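**Q** Please see the structure below; I have some questions.
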């Protein structure tokens, strides 16, 4: 299976490029069909760390022991396949994801992706604009709940950014 | 109320700038609180035409006679207040809106906003990326229904763009 | 109104009171726990006819053969138990039901209950107010879809109300 | 802009009438299109205080600093435009809103509006009837969650009403 | 098991058969239309105890005083009519119910029914398979939330099963 | 990577066994992590044909050209990963899927999976029981819409099963 080996060999380089390029801008011609699930999960892990300041995602880690397939699917499919796709820059994908999670009322997941968005250089004000927009498709309760969740996120991040000038 | 008068005077200029600048990039410091609903609706009408190749929005027009408040709210609040806000470029706002409408299963409204996105220079491929992403927050049926609706939209637009091979 | 008289003759005093009082205002101390399901379904049938100008409900009738339990549950539980309860006048219950069906996007069922509301003396304008309100909890797509469905209902009823100028 | 000035002049009188008349019964011919957003927000503030025993709404107040547009939209659009409309009495609008919020599973917002309903003279039993009705459009979990939330609301209000004669 | 015997004595042969057959496998030709609501509620109480290790269901009991109709409807309709139907074995009905509750995001109710499933001999692994499947129709947030709720349920049950060999 | 090679070698045998065994009963210890996406998609294709009387799934086929990633994800993830998992027999998985799709109102997808269920030996009456159950978690509109869709499915299948009395 030389092809898979090739992929593995080329993999780290691509990810380094990825991080350098501002996250996910550079997956030009990923022969995704040739990746094994193990490789896809590895790629998903890279995507998470690139979005999450180099840290693993706690929600995902908690699932690994008791719900291994769900953890693998999140890592290999959601992050490794979907989130690693080229064709959208990280900022846009994260803002669209925040809009989708807010619109369906999944505030805990919105918070995770809003945090990734901030890490990718999205501003607090841009996230607020998404929330304002959500009143139109999904009504005021969804937007107000999302606003509260964003307030929590912003507050959690401020102390840790405390000493920066 | 000189302030309101100022706003009215400055209004056409701002909208011209808006259209020129590639839609909504230039609402720097709109004193929105001083606008009357009539002015907000006018602004919403401008936003629609700027998104919709200069045309009115048929769904909105059909509501005017029988559901005047809903037509006004759509025009003055949704378009005139929310969609005319600065802080997000048109492309990003439209892609996030497409994500939200697709995630909640409102394909007819997604189609309208996907059309606006295409008008604003978003590519078909970028819209597809949004749909792929929607599988994660909202599941496969919502994404597949959105994909079908996008296919319709793409097909409707191809004939009208002439006989190019 | 011989049809109503016929119905009244075949049914207990309570139902006559009900019809006389403007549908459902008078179920003061229904010992519902003592009714059999057959009696509850009969009561549900009365409720439907009282809401539907003496006619059976086509959606319900279509289910009888192939989904008998669902037809029975709709008749005995939804109409016979819930809709026959005292404690809310028919107008208020129908308007609240229209709001609930519209908010969850179930326009076909909203249409049925909006029709019942019109039969109970609710005005078209009151139904429109419910739809306007729905923009707040559930967003604009749900309200706009409900508005279109109401337009259909209003249009269907106008011919059957004759050539009045 | 004499028209706007007229509106402002007439405004306090109308709102006083509104409160006197039992909340919202008297907005006979509001030329809403001539109101500025500032005026609409003021009107929304009045609506809230009239619904909320003269108090501001804490959820709204918390949003003002961090999500000013959402606070303004809630106040000027949701309360100032929608909730101040004539055409439905306060009791009916609140009961319909409770039904809509319960049906979509937004219990926190349902609680706010159920509190307004109690303030407007709706009885606990009428609110329970709305919840019973919600089992039909939206299923038992939504109704049972709404019932629990109403129980909390009823319990919170009983002590504070303790000393009233 | 004198309690069960007591129950059996007070109830018709059909219920004895039911309990003997391992819950609900034997309701061959229930003339349900002839049952009164009181009898249906009694039957629902039997179903609950058979699913819940002989115990009443706390959520239901809490509703009895303040929301008597909702408690009765849950007992007589949901449990007494729907859950006592023949045609599906308990395992399948519970797994399908778990899938439905998880897909609509009602994790608290999913937990109750997942507990019933475990009582009926469904394995933890089978419940996990249902949750994995839910990613497809309803997306990852619903499945991940359901997974967390199942984790809680599994943890709650392990101590109490501690002393069994 | 001998492990992966092993998997590949054993792969066709396993799939033949799968089909022979009446669908999915035999995936005892799939080292799924070693499969490439191409192999997962192939496996998904097998699952579809085994569920769909040997035929490809038209909805999926239509997506291949314009939404290739969504087609691949449906085939490799939804069918190839989730639906090919051991741990649930096909009947139970299909009935749970039908419950989930019906509860979230996705009747078109419910119809596809109800068809697969019938192919796997589930009876029409068992599908009806699932629909009856759905009234409890998701309310009557979802159940009634699902019932209508099942009626269509049953009707479509009857002619094609010939003129049997």
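**Q** Starting from the 7 Å offset along Cα-to-Cβ, what nm value, one decimal, do you get for the label separation of residue D:125 and residue F:52?
**A** Reported label-point gap for residue D:125 and residue F:52 is 5.7 nm.
**Q** Oh, and also: With r defined as the distance between the Cβ atoms of residue E:158 and residue A:155 and R0 fixed at 51 Å, what FRET efficiency is calculated, to the nearest 0.05?
**A** The value I calculate is 0.90.
**Q** While we're on this one: Going by Cα centres, the range D:134-159 and the range B:82-134 are how many Å apart?
**A** 36 Å
**Q** Measuring nothing but label to label, 7 Å from Cα along Cα→Cβ, what are residue D:59's distances to the other copies in nm, shortest first?
**A** Here the equivalent label points are 2.2, 2.2, 2.5, 2.8, 3.5 nm apart from this one.
**Q** If you project the alpha carbons of the range E:36-85 onto their three principal axes, what span does each projection cover, largest first, in Å?
**A** Reported extents, whole Å, longest axis first: 27, 25, 14.
**Q** List the distances, in nm to one decimal, from the label point of residue D:89 to the label points of the same position in every other copy, shortest first, placing each label point 7 Å from Cα along the Cα-to-Cβ direction.
**A** Ordered by distance, the counterparts are at 0.6, 5.5, 5.8, 5.8, 6.0 nm.
**Q** So which residue of F has the beta-carbon closest to the axis that swings F onto D, and how many whole Å away?
**A** F:139, 2
**Q** Using only alpha carbon pairs under 8 Å that are at least six residues apart, calculate the relative contact order of the range E:36-85 and give it in whole percent. Please report the intermediate quantities before stating the final value.
**A** Values: 55 pairs, mean separation 27.3, N = 50.
Relative contact order of the range E:36-85: 55 percent.
**Q** Just the Kirkwood number for the range D:89-158, please: inverse of mean 1/r across all distinct Cα pairs, in Å, one decimal. Don't skip to the answer; put the middle values down first.
**A** Working: mean 1/r = 0.0876 Å⁻¹.
Computed over Cα pairs of the range D:89-158, the Kirkwood hydrodynamic radius comes out at 11.4 Å.
**Q** Follow-up. Below 8 Å between Cα atoms, with a sequence gap of 6+, how large is the relative contact order for the range B:88-165 in percent? Intermediate results must be reported in sequence, preceding the final value.
**A** Working: 68 pairs, mean separation 25.8, N = 78.
Across the range B:88-165, relative contact order equals 33 percent.
**Q** Using only alpha carbons, build the gyration tensor for the range E:37-165 and give me the equivalent ellipsoid semi-axes, biggest first, whole Å. Please report the intermediate quantities before stating the final value.
**A** Details: eigenvalues 122, 62, 42 Å².
In descending order the semi-axes read 25, 18, 15 Å.
**Q** Hey, another quick one. Can you list the copy-to-copy distances for residue A:151, using a point 7 angstrom from Cα toward Cβ, in nanometres, shortest first?
**A** 2.8, 2.8, 3.9, 4.5, 4.9
No lab work stands behind these numbers, since they all come straight from the coordinates. What you see is a predicted model; the values in this text were computed from it and never measured. Counting neighbours? That spans all protein chains shown, and the Cβs are built from the backbone with ideal geometry, glycine included.
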